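Down below is the structure, laid out as structure tokens.
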Amino acid sequence: MSLTISGDLCTYMVQLLETNRPELVASYQKILRDAMFSSRSTVRPNMVKKIASDEVDAFADFLHQSQPHAVARGVQLHQSGLSEQPLLRMSQVTRQLFVKQLENGQIAPALELIDTYQEQILQGYIQSLETAVFDVQERTRHAFERVTNRDKP
């Protein structure tokens, strides 16, 4: 898919994002708040509003740029303490917003754009998760080595 071919669609999608921003941010906030009590998310309550608002901005930025940079956003979302469930749920809400607002001929290309964004978000999220797991493994290995060496005669 070429972003230049869908430039008009991207512009229109950004307009829809801005028009529906309060509703979308509120939906994201609800998802994030629900996640604090029902999943492994460790998002601080005072960060919910910022994460929700920043997510709308990040998607708008993605639509504006010819070379998307959503991988870094995925890293940010993981490092903020977000688990995968609210991340996936926010993606569903985004899709639903555009499916309701766009005409039939615009839906498939719009979903393609959303999918591209979400793939990059997940790529960054998984990279950050893998790094975190590796760090924990390394700290565990070092701790084990210290204990093992301390117990040697």
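The values are calculated or read from the model by the stated rules, or taken from the named source; none is laboratory data. Computed from a predicted structure; not experimentally measured. Cβ atoms come from the backbone with ideal geometry, glycine included; neighbour counts cover every protein chain shown.
The table below lists the values:
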quantity	calculated
Per-region count, segment 74-92, residues of a type in the set (Val, Ile, Thr) and surrounded by fewer than 17 Cβ atoms within 10 Å (Cβ to Cβ)	0
Verdict on PRO45 being modelled with pLDDT under 90 and closer than 21 Å to GLN29 by Cβ	yes
Tally of residues being assigned to a helix (DSSP H, G or I) and touching a Phe, Trp or Tyr at 6+ places or on another chain (Cβ under 9 Å) across segment 59-70	4
Of all residues in segment 110-133 being surrounded by 18 or more Cβ atoms within 10 Å (Cβ to Cβ), aliphatic (A, V, I, L, M) and within 14 Å of the chain's Cα centre (by Cα), the one that is nearest to THR19 (Cα to Cα)	ILE114
Some residue of segment 95-109 being over 19 Å from LEU9 (Cα atoms), surrounded by 15 or more Cβ atoms within 10 Å (Cβ to Cβ) and not aromatic (Phe, Trp, Tyr)	no
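To keep it simple, each residue is scored yes or no on (1) of a type in the set (Val, Ile, Thr); (2) in contact (Cβ under 8 Å) with a residue 24 or more places away in the chain; (3) in a loop (DSSP other than H, G, I, E, B).
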{"position": "PRO22", "(1), (2), (3)": "no, no, no"}
{"position": "SER53", "(1), (2), (3)": "no, yes, no"}
{"position": "LEU87", "(1), (2), (3)": "no, yes, no"}
{"position": "THR94", "(1), (2), (3)": "yes, yes, no"}
